[in-house]
Amino acid sequence: MIEGYFGSGKQLFFEVELVTTDGLNLPVDALFDTGFTGFMAINKQDLDGLNWQFISDDELVTAQGLKTFDLYLGKVILDGKEYEVPVYAGDELTEILLGSEWLEFLPLVVNFLEGVLMLG
């Protein structure tokens with residue numbers, strides 16, 4: 001189980017590691033977005049150096065309507081375990097996002113009063 005932290009606007013952040021094709025682990029803070037139904041989303045510029053495999057283009061419903069994203073096969077370490085997951089890449093993303101697909105097998109514990117945020 002990994003502990004996260006709350007942002008100034010009560011956002012949910014977790015540190016994860018992005019794994020390059022060369023096996024380098026890059027720690028990053030990712031925003032947990034329960035409204036995003038995939039595993040992960042990232043800005044296209046953040047893909048530089050990761051060399052993840054491009055899969056296809058895919059459409060997602062966003063707050064701004066239907067948008068087309070590039071879909072990559074990415075590797076991420078979360079709670080000490082490496083996962084290979086589809087990652088959506090777009091130009092307008094300002095944060096690396098973790099989505100609700102993780103909740104299919106990892107419990108999310110959020111308690112603002114106690115300052116507790118855990119995933120896993």
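Taking each residue as 0.36 nm, the span from residue 3 to residue 66 lengthens on full extension beyond its C-alpha to C-alpha distance by 19.4 nm. Pairwise inverse Cα distances across the range 1-60, averaged and inverted, put the Kirkwood hydrodynamic radius at 13.5 Å.
Expressed as a whole percentage, what fraction of the accessible surface of the chain belongs to carbon and sulfur atoms when a 1.4 Å probe is rolled over the protein heavy atoms? Intermediate results must be reported in sequence, preceding the final value.
Working: 3260 of 6870 Å².
With neighbouring chains kept in place, the figure for the chain is 47 percent.
Between residue 58 and residue 112, the modelled labels are 3.1 nm apart [label points 7 Å from Cα along Cα→Cβ]. If you sort 68, 94 by accessible surface, 1.4 Å probe, largest first, the order is 94, 68. Using the Karplus relation 6.51 cos²θ - 1.76 cosθ + 1.60 with θ = phi - 60°, the per-residue 3J(HN,Hα) values for the range 59-67 come to 9, 10, 7, 10, 4, 9, x, 6, 10 Hz, with x marking Gly and Pro. Summary: within the chain, the longest segment free of GluC sites (Glu not before Pro) located in DSSP loops with at most 11 other C-beta atoms within 10 Å is 1-91.
Give me the accessible area per residue for the chain, probe 1.4 Å, as a whole number in Å². Let's see the in-between values first.
On the way: 6870 Å² over 120 residues.
Dividing the accessible area of the chain by its residue count gives 57 Å².
For the chain, state the average projected area of the convex hull of the C-alpha atoms over all orientations, rounded to one decimal in nm². Walk me through the intermediate numbers first.
Working: hull surface 29.5 nm².
Quarter of the Cα hull surface area: 7.4 nm².
Annotation for the range 78-114: chymotrypsin sites (Phe, Trp or Tyr not before Pro) lying in DSSP loop with at most 12 further Cβ atoms inside 10 Å of their Cβ are 105, 112.
The values are calculated or read from the model by the stated rules, or taken from the named source; none is laboratory data. All values derive from a computational prediction rather than experimental measurement. A quick note on method: Cβ atoms are made from the backbone with ideal geometry, for glycine too, and the neighbour counts reach across all protein chains shown. When the accessible area is computed, the model is the full protein with side chains, heavy atoms only, and any ligands, DNA or RNA have been set aside. Shrake-Rupley method; radii C 1.70, N 1.55, O 1.52, S 1.80 Å.
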